[in-house]
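Engineer: Structure incoming, see below.
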C-alpha cells in the first residue's frame, strides 16, 4: 500500500495534470474557434459584397467582379479568395480568374439548402491542393435564384493552430514540471517536520515524559497539532506523576498499620500472657484492621471514580434533612469529645445529588471539624442558597490551616503539620469528598483565618 506521502504527491500531480491539460485544451479550442470564425467572417463579407454588386448590376451579365489587370491596385479582400456564381440547378454562371478551369463543388444537398434560403459553411479538405473553407450565400438577381460561393485556403489557419498546439503543449509541460517540483518540495518540507515529530514521539515513554515534541515554529495546522500533542503530554506527565505519588503514598499508608499489626502480634506471642492481655492485643489488632479496611474502601471508591464508573443517579434531596441526618449520626462522636454541634438553616431548597455520596462527603467535613475543634468547642453548620447553588458550610474552632498547606489540602494523602500532630488519619477524606461533590456538579472550598478555625463550604446545584 502506498504511503500517505506518495498518495499526496501522486494525487497532487494528477490534479495538476488534469487542470492544466483541460485548461490548455480549452484555450486551444477557443483559439481554433476564434481563428476559424475570423476566416468565416472574411469569406462572408466578400460574399455579401459580391451579392450587393450583382444587385447593382441588374441590367448587365452575371460575372464575378474581379479588378481588371493593371487598372487598380490588388484588392486584399479578394486575394487568394475563390469566387463562383451558380444558379438553382448548380450550373456555373461565373467564376473568378484565380479559379481557372476549376469549379467549386455544388452538390444537390447544398443546392437544396441554398434554395431554402440558408447560408451554408463547409470545409473542403480535398477540393484542391490545400484544404478550403467555403461559404455559399443565396441571392435573387432579376427574379432568378443564384448562389455566391466564396472559398479560402485553410492552410494559414492550420499552421496557426499547429503553432498554437506546440506552444500550448510546451507551456503545459513546463507548468506541470514547475508545479510538480514545487509540490514535491513543499510535501518534502512538510513531511520532514512530521518525521521529526514522529521520531521524537517514538522516543518518549513513561520514563521521560518531561520531554516534548519539537515545534516547527509556525502557527499552521502542524504547529497547532504539536501544541495539542504537547498539551496532552503535559496532562499525561501530571497523571503519571500523580499516579506515582498515589502509589507511593498508598504503599506507605498501608505499610504503617500492617507493621503495627505485625509488631503487636509478634510481641504478644513472645511469651505466655494473661487472658486479658490477649484480649487487649486482639482489640488493638481489630482497630488496626478497621483502619486498614476504611483505607482500602476509600482507595477503591477513588479508583472507581477515577475510572469513570457509573455513579448513582442524582435526585432531588432536601438539603436540610440531609444535614440533620448527618448531624444525628455524628452526634455520639461530638458528645464523646464534648463538642457542640449547631445547625443554622436559612433555606429549605432541594439539591440535585445522590443522597449516599453527598452524605459521605458531608460526614467527612463534620468529622474533621469535630476532630480539630478543642474540647468544649462548637461546630456550626450553615445552610444558605443563591440563584444556582445551595451552600452547606461547616465552621470549626480548631487551629486553622497554614497558608502553605492550602494549595494541597485536597490532594490525596496530604496532611498538614497541624493535622499530623493532632489526629491520626491517612489524608483521603477531603480528596474523596471533593471528588464525590464534583461528580454532581458541585465543589468544596475552604476559608481560614489567623485567629484559628477553618470553614469548609460545599456548594451543590439546586434541584429543578
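Engineer: Need the full-extension length gain, residue 287 to residue 7, defined as separation in residues times 0.36 nm minus the C-alpha distance. One decimal, nm.
Structural biologist: 93.9 nm
Engineer: Please work out whether the range 194-241 counts as rounded, prolate or oblate from its C-alpha gyration tensor, where a ≥ b ≥ c are the square roots of the eigenvalues and a/c under 1.5 means rounded, while otherwise a/b larger than b/c means prolate and anything else oblate?
Structural biologist: Verdict is oblate for the range 194-241.
Engineer: Relative contact order of the chain: what whole-number percent is it, with Cα pairs under 8 angstrom and at least 6 residues apart? List each step's numbers first, then the result.
Structural biologist: On the way: 589 pairs, mean separation 45.2, N = 464.
Computed value for the chain: 10 percent relative contact order.
Engineer: By count of other Cβ within 10 Å, fewest leading, how are 232, 134 ordered? Can you show the working numbers first?
Structural biologist: Values: 232 11, 134 23.
The most exposed by this proxy come first: 232, 134.
Engineer: State the Cα centre-to-centre distance between the range 181-228 and the range 113-170 in whole Å.
Structural biologist: Comparing the Cα centres of the range 181-228 and the range 113-170, I get a distance of 65 Å.
Engineer: Once the Cα atoms of helix 221-269 and of the chain are each reduced to a long axis, what angle between those two axes, in degrees from 0 to 90 to the nearest 10, is obtained?
Structural biologist: Between the helix axis and the principal axis of the chain, the angle is about 20 degrees.
Engineer: Return one number: the angle in degrees, 0 to 90 and rounded to the nearest 10, between the long axis of the Cα atoms of helix 355-372 and the longest principal axis of the Cα atoms of the chain.
Structural biologist: Tilt relative to the chain: about 50 degrees.
Engineer: Provide the descending list of Cα extents for the range 315-461 along its principal axes, expressed in whole angstroms.
Structural biologist: The Cα atoms of the range 315-461 stretch 40, 30, 25 Å along the principal axes, largest first.
Engineer: Rounded to whole Å, give me the distance from the Cα center of the range 15-51 to that of the range 82-103.
Structural biologist: The two parts, judged by their Cα centres, are 29 Å apart.
Engineer: In degrees between 0 and 90, to the nearest 10, how far off the longest principal axis of the chain does helix 429-438 point, with axes built from Cα atoms?
Structural biologist: Taking the Cα atoms of the chain, the angle to 429-438 is about 40 degrees.
Engineer: Okay, next question. Let me understand the range 130-193 better: what is its radius of gyration from the alpha carbons, and its Dmax, in angstrom?
Structural biologist: That works out to 26.0, 86 Å for Rg and Dmax.
Engineer: How far is it, in nm, from the label point at residue 268 to the one at residue 173 when both lie 7 Å from their Cα along the line to the Cβ?
Structural biologist: Here the modelled spin labels are 9.9 nm apart.
Engineer: Can you tell me the alpha carbon radius of gyration of the range 95-217 divided by the globular rule-of-thumb value 2.2 N^0.38 Å?
Structural biologist: For the range 95-217, the normalised Cα radius of gyration comes out at 2.50.
Engineer: Determine, at each q value in 0.06, 0.07, 0.09, 0.11 (inverse angstroms), the log₁₀ of I(q)/I(0) that the Debye formula gives when each Cα of the chain is one equal point scatterer.
Structural biologist: -0.58, -0.64, -0.85, -1.01
Read-outs: derived from the displayed coordinates by stated rules, not from any lab. Everything numeric here is computed off the predicted structure, so don't read it as measured data. Every residue, glycine as well, gets a Cβ built from its backbone with ideal geometry; the counts of neighbours run over all protein chains shown.
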